[in-house]
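Note sheet for the following structure.
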Amino acid sequence: MTTEELRQLPTEEKVLMMETLWDDLREHFDNAEVSDDQKRLLDQRRTRVESGESRLLEWDEVKSSIGRS
C-alpha cells in the first residue's frame, strides 16, 4: 500500500490499522535486544532526571510545545 493510498482511507480504518501496527510492534519490542549503547544512554538520562538536571515531560506537554520557538 502506498502513502497516497493510505491518505485516501477513512479515518476509522486508519485508526484500526494504527492499533494493529502498535500491537504488533509491542509484541516485537518486548522481545527486542537493547544494545549496550542504548543502555548507557538510558542510564545517563535516568541519572540526569534523578539529579534534577533534566525532567520528564507529560506527553500532552510535549505535543503542545511542538512547533513553538
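Side notes on the structure shown:
Residue-by-condition table, conditions (1) in a loop (DSSP other than H, G, I, E, B); (2) surrounded by fewer than 10 Cβ atoms within 10 Å (Cβ to Cβ); (3) at pLDDT 95 or above; (4) among the hydroxyl-bearing types (S, T, Y):
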{"site": "D24", "(1), (2), (3), (4)": "no, no, no, no"}
{"site": "Q44", "(1), (2), (3), (4)": "no, no, yes, no"}
{"site": "T47", "(1), (2), (3), (4)": "no, no, yes, yes"}
{"site": "S64", "(1), (2), (3), (4)": "no, no, no, yes"}
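- Residue within the range 35-42 that is part of a loop (DSSP other than H, G, I, E, B) and either at pLDDT below 95 or of a type in the set (D, E, K, R) (or both) present: yes
- Failed condition for R55, given (1) of a type in the set (D, E, K, R); (2) assigned to a helix (DSSP H, G or I); (3) more than 16 Å from the chain's Cα centre (by Cα): (2)
- Criterion (surrounded by 10 or more Cβ atoms within 10 Å (Cβ to Cβ) and either hydroxyl-bearing (S, T, Y) or in contact (Cβ under 8 Å) with a residue 60 or more places away in the chain (or both)) met by exactly one of T2, T20, T11: T20
The values are calculated or read from the model by the stated rules, or taken from the named source; none is laboratory data. Predicted, not measured: the structure shown is a model, and the values here were computed from it. Positions of Cβ are backbone-derived with ideal geometry, glycine not excepted, and every protein chain shown enters the neighbour counts.
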